[in-house]
Amino acid sequence: MMNTYSNIKIAYYSGTGGTELAAKSFQRHLETAGCTCTIETITDGISKNQSNCDPLILLFPVHAFNAPDAVYKWIDALDMVNQTSAAVISVSGAGDVCPNTACRVGSIKRLTKKGYHVLYERMIVMPSNWVAPAPSPLPYLLMQALPIVIDQITSDLLSGVCRKAKPLWIDRIFSAIGKLETAGGHYWGKRIQVMEHCTGCGWCANHCPAGNITMANVKPTFGDGCHFCLKCIYGCPSKALQPGTCKFVVIPEGYCLQDIAQQPPQNPQVPVKDLKVGFFWLGVKKYLMSLSDNQRDLSL
């Protein structure tokens, strides 16, 4: 039996757009099913709407095997509730594999302390924006897969399916170590370099999720609150920003989900199970193979 809800809240943090795309897709699917949703973007860590909801759907990208620090701050600032149901959806470029399997543990613990009953958790895989892109045709196929997996999750939530993961013990260690990225991100963001061809358009300042960028003398300046999301570097219309340290984390050719979605693979007849993707992308391949038995839904 499918339920319809009148007060669903979707809250999400997004840097380069993958999690935002997923959150808005959830909203469309749920509203099509007759549900009423509110949607909130997590930025500075303070909830802008503390009204009652049931359920809460929380989405975030995986940052160093965790939720972004802004998400933890957002949860900590929530009012106490009494067993409000919740779902936690993480988004990564590698899949629900080691070392990412504990990435939702911290947010689930915090929600539980606030009185939420987390009944459902899952990973959505989007094209990687970190260090290196996944080999073709994986990025394109992930964009094709998004509405399929959103439809699956929506059906689960409306049917009352309970889905809980069992993180690997080693990934809990990775998650604990990964929390050091918050300080590292502040250091990294403070050292972003502005190139001479910057036009001073202010796009970076207007779109920074952390509110960490201000304009001074028609040039962006960076504070010490960077979330390390890479949005400013990939999104700059003039491509006038570059890292001052750890330059390897940025994909040289850039990152644009719209472009990825519009670039079909040259050989679309190869089944996903037969793709040669390399060890680091086996989690992505596994994710794509799990979505349907014959993969025809992925336009192969």
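Here are some notes:
- Test: residue in region 144-154 that is touching a helix residue (DSSP H, G or I) at 6+ places or on another chain (Cβ under 9 Å) and either crowded, with 23+ Cβ neighbours inside 10 Å or of a type in the set (Lys, Arg) (or both): yes
- Looking across region 167-186, just one residue is at pLDDT 90 or above and within 22 Å of Pro209 (Cβ to Cβ), and that is Ser175.
For (1) assigned by TED's automatic domain parsing to the domain that holds Ile150; (2) among the polar types (S, T, N, Q), each residue gets a yes or a no:
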position	(1), (2)
Met2	no, no
Tyr13	yes, no
Gly18	yes, no
Ala22	yes, no
Phe26	yes, no
Thr32	yes, yes
Thr38	yes, yes
Thr43	yes, yes
Leu58	yes, no
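- Of all positions in region 86-102, at least one carries a residue that is surrounded by fewer than 16 Cβ atoms within 10 Å (Cβ to Cβ) and either assigned by TED's automatic domain parsing to the domain that holds Lys164 or part of a helix (DSSP H, G or I) (or both).
- Total residues in region 103-127, condition assigned to a helix (DSSP H, G or I) and either touching a His at 6+ places or on another chain (Cβ under 6 Å) or free of Cβ contacts under 8 Å to residues at least 60 places away in the same chain (or both): 7
- Count - residues of region 1-34 that are surrounded by 21 or more Cβ atoms within 10 Å (Cβ to Cβ) and over 18 Å from Asn129 (Cβ atoms): 6
- Condition check for Glu31: more than 21 Å from the chain's Cα centre (by Cα) and without any contact (Cβ under 8 Å) to a residue 40 or more places away in the chain: yes
- Filter result for Leu157 (within 25 Å of Gln266 (Cβ to Cβ) and assigned by TED's automatic domain parsing to the domain that holds Tyr13): no
- Selection status of Cys208, without any contact (Cβ under 8 Å) to a residue 40 or more places away in the chain and more than 26 Å from Ala87 (Cβ to Cβ): yes
- Evaluating Trp130 against the criteria (1) under 20 Å from Glu20 (Cβ atoms); (2) part of a strand (DSSP E or B) leaves one unmet condition, (2).
The values are calculated or read from the model by the stated rules, or taken from the named source; none is laboratory data. As the structure is a computational prediction, the values presented were derived from the model and not from experiment. No Cβ is skipped: glycine too gets one built from the backbone with ideal geometry, and neighbour counts run over all protein chains shown.
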